[in-house]
Amino acid sequence: MNWKTQILTDFQRGKLKSFYRDVYPGLILYALKYLGEENEFLAEDCVQNAVFSAWERRDKFESIYTFKSFLYTSIKNEIVSIHRKNSARERYVQQLENDTFFRDSVIDQEAQTLLYSAIEKLPEKARVVFEMSFIEGLKNTEIAEKLELSDSSVKKYKATALDFLRERLDPSLFMFLFSGL
């Protein structure tokens, strides 16, 4: 048995000394090459995750080549995932830095806060019907059935809720939120 095959055999038996001495440093260098020196801790995480995945499948490797191929592919996938997350994070930061996006997100959050605050102040039956209709998307007949009300009572509670909200919300906000009604 050559030394490469011995590494796999030892790994499968839980003897990791030769693996960490002969294979692990090359895996770290591979990860560092694609993550950069400044991300050394991420490189080590990628390699450790790959080693753990290989350990879970240790009895399935037929040769040192399939074993090492699995390790390198796992590390590559981890690196791709990190780069995707970083790209998404960078896009998000760029959006936050964009004044228009920031302003719109603040306005949207404030509008939601005002709406939910007003909904909380609705009379109980009107609030329940409103939430079932506008938040859960249930039809009047479904609401009537669940609450054991008549269809006309459901319509009355919805109208009450809308009138209540119309009085408490800024007219332009109310029109924006409920223009499709």
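The values are calculated or read from the model by the stated rules, or taken from the named source; none is laboratory data. Here the structure is a predicted model, which is why all the values come from computation and not from measurement. Quick reminder, even Gly has a Cβ in these numbers, built from the backbone with ideal geometry, and neighbours come from all protein chains shown. These accessible areas exclude ligands, DNA and RNA; they are computed on the full protein's heavy atoms, side chains included. Shrake-Rupley method; radii C 1.70, N 1.55, O 1.52, S 1.80 Å.
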Could you run through region 124-137 and say how many residues are surrounded by 16 or more Cβ atoms within 10 Å (Cβ to Cβ) and among the β-branched types (Val, Ile, Thr)? 2
Looking at GLY14, GLY36, which is the one that is open to solvent by 30 Å² or more (accessible area, probe 1.4 Å) and on the phi > 0 side of the Ramachandran plot? GLY14
Is there any pair with a first residue in region 1-22 that is at pLDDT below 85 and a second that is open to solvent by 40 Å² or more (accessible area, probe 1.4 Å) whose Cβ atoms are under 8 Å apart and which are 6 or more apart or on different chains, and what are they? TRP3/ASP22
Over 28 Å from the mean Cα position of the chain (by Cα) and open to solvent by less than 60 Å² (accessible area, probe 1.4 Å), is that true of TYR20? no
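With the requirement that a residue be of a type in the set (S, T, N, Q) and either closer than 19 Å to SER53 by Cβ or open to solvent by less than 100 Å² (accessible area, probe 1.4 Å) (or both), what does region 75-95 give you?
Hits for region 75-95 are ASN77, SER81, ASN86, SER87, GLN95.
Within region 98-114, can one find any residue that is modelled with pLDDT under 90, open to solvent by 90 Å² or more (accessible area, probe 1.4 Å) and over 30 Å from MET175 (Cβ atoms)? Step through it out loud before you land on a result.
Our first condition is that a residue be modelled with pLDDT under 90; within region 98-114, this holds for 98-114.
From what is left, the residues that are open to solvent by 90 Å² or more (accessible area, probe 1.4 Å) are 99, 102-103, 107, 109-110, 114.
Restricting the remaining residues to those that are over 30 Å from MET175 (Cβ atoms) gives none.
No, because not a single residue in region 98-114 is modelled with pLDDT under 90, open to solvent by 90 Å² or more (accessible area, probe 1.4 Å) and over 30 Å from MET175 (Cβ atoms).
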Of the residues that sit in region 13-68 and are β-branched (Val, Ile, Thr) and either in contact with a Leu (Cβ under 6 Å, 6 or more places away or on another chain) or assigned to a loop (DSSP other than H, G, I, E, B) (or both), which one is farthest from ILE79 (Cα to Cα)? ILE64
So, in region 50-74, of the ones that are without any contact (Cβ under 8 Å) to a residue 40 or more places away in the chain and open to solvent by less than 70 Å² (accessible area, probe 1.4 Å), which residue ends up nearest to LYS4 (Cα to Cα)? THR66
Out of the helices (runs of 4 or more DSSP H) lying entirely within region 138-181, which hold 2 or more residues that are surrounded by 14 or more Cβ atoms within 10 Å (Cβ to Cβ) and modelled with pLDDT of 90 or more? 140-147, 151-168
